[in-house]
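Student: Quick one: structure below, then a few questions.
The values are calculated or read from the model by the stated rules, or taken from the named source; none is laboratory data. What you are looking at is a predicted structure, and each value in this text was computed from that prediction instead of being measured. For neighbour counting, all protein chains shown are included, and Cβ atoms are generated from backbone atoms with ideal geometry for every residue, glycine included. Only protein heavy atoms, including side chains, enter the accessible area calculation; ligands, DNA and RNA are left aside. Shrake-Rupley method; radii C 1.70, N 1.55, O 1.52, S 1.80 Å.
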Amino acid sequence: RLQSSCLVAVAVCLLGGASTAAGRTTTQLNWMGHDWTVTRGRMAGVARGRPSNVRVDAGGHLHLAITKEGKRVTAGQLFSNDDMGFGTYQWEIEGPLDSLDPHAVLGLFPYGPEHNVGRDGENEIDVEFSKWDNTLCGGKCNADFTIYPSTGNRAVGPTEDDYSIDLHGGDIATARIIWSSTAITETVMSGIQPLGTTQNVVETWTYEPTENLVRIPQHPMPVGMNLWCFKRKVATSQAVTILSFDYVASDRKSVV
């Protein structure tokens, strides 16, 4: 789509001023083979989304920022325009994942409600890096995996694995989600780890309910990425670079 104006070598294409049904403008970009919509205005947390906090550089790397300018703090968020189903999702990330501001959250997540696939509290699979206002594990954890149930099962509530990561002075990590109809495995590894390999594991968790499969989303959904403020605004600007994103569909399709 609009290939003539793209930087094909790095699969980047910025599209501004697209209109929505509500009449407001949005920012679109093409990155890693997918079209994405960048949030403007209301989003999770206490800082509003600003498109300038999401950009792709000449090398094809996606930058997410929380920008503090005096008392004004804005955040960054984008969602894929296409829905993705069962398969493997992988992000290579550069940034201070183990030492973000206590109120900053980096989220990497398939999220159905963005495309009206269920409602908030359903159809979401998260890899998140945050100290959550120093409340996670009594202030001892700085990351979590969270899985929300399928459509119509919000009352079941999320299933979560909280943990602490330490990159030992490094700033590159690989996050992976493997999602099927019966199980989800989430893994964070230090350094860049190619698809199909598992090395330098910081944390891994497999959720495989033996009976109540409504705890696992079953429908294709868009992918979101955000860097946002939880409860309070950050003390200083924050920045993370997503070096790459890959999605490899499985042979077994999600419910359409």
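Student: How high is the FRET efficiency between Ala235 and Asn116 when r is their beta carbon distance and R₀ equals 22 Å, given to the nearest 0.05?
Tutor: In this case the efficiency is close to 0.05.
Student: Over the chain, with the other protein chains present, what is the accessible area per residue in square angstrom, probe 1.4 angstrom?
Tutor: Dividing the accessible area of the chain by its residue count gives 45 Å².
Student: Can you tell me the Rg and Dmax of segment 61-139, counting just the alpha carbons, in angstroms?
Tutor: That works out to 14.6, 43 Å for Rg and Dmax.
Student: From the C-alpha coordinates alone, can you work out the Kirkwood hydrodynamic radius of the chain, in Å?
Tutor: So the Kirkwood estimate lands at 18.6 Å.
Student: Report in % the part of the accessible area of segment 183-256 that belongs to carbon and sulfur, leaving out ligands and nucleic acids; probe 1.4 Å.
Tutor: 51 percent
Student: Could you give the length gained on full extension between Thr159 and Leu243, defined as 0.36 nm per residue of separation minus the Cα-Cα distance, in nm?
Tutor: Here the segment from Thr159 to Leu243 would lengthen by 27.4 nm.
Student: So, one more: How high is the relative contact order of segment 90-156? Use alpha-carbon pairs under 8 Å, at least six apart in sequence, and give a whole percent.
Tutor: For segment 90-156, the relative contact order is 31 percent.
Student: Given Cβ point charges of +1 (Lys, Arg) and -1 (Asp, Glu) and nothing else, what value in debye, to the nearest 20, does the dipole of the chain about its Cα centre take?
Tutor: Using Cβ point charges on Lys, Arg, Asp and Glu, the chain gives about 1200 debye.
Student: Set the Förster radius R0 to 30 Å, insert the Cβ-Cβ distance between Val214 and Ser250 as r into 1/(1 + (r/R0)^6), and round the FRET efficiency to 0.05. Write out the running numbers ahead of the final one.
Tutor: Values: r = 20 Å, r/R0 = 0.66.
Efficiency at R0 = 30 Å is approximately 0.90.
Student: Can you run phi through the Karplus equation (6.51, -1.76, 1.60; θ = phi - 60°) for segment 95-104 and list ³J(HN,Hα) in whole Hz, with x for Gly and Pro?
Tutor: x, x, 4, 8, 9, 5, 3, x, 9, 8
Student: If you average the sequence gap of Cα pairs under 8 Å that are 6 or more apart and divide by the length of the chain, what percent do you get for the contact order? Spell out each step's value before the answer.
Tutor: Values: 672 pairs, mean separation 65.6, N = 256.
RCO, the chain: 26 percent.
Student: Whose amide H sits under 5 Å from the amide H of Arg48, counting only residues 5 or more places off or on another chain, with H placed in the peptide plane?
Tutor: Ala75
Student: How big is the gap, in Å, between the Cα center of segment 163-211 and the Cα center of segment 39-63?
Tutor: A separation of 25 Å, based on Cα centres.
Student: Can I ask one more? Given segment 114-221, report the % of alpha carbon pairs whose separation exceeds 22 Å.
Tutor: For segment 114-221, the share of Cα pairs beyond 22 Å comes to 37 percent.
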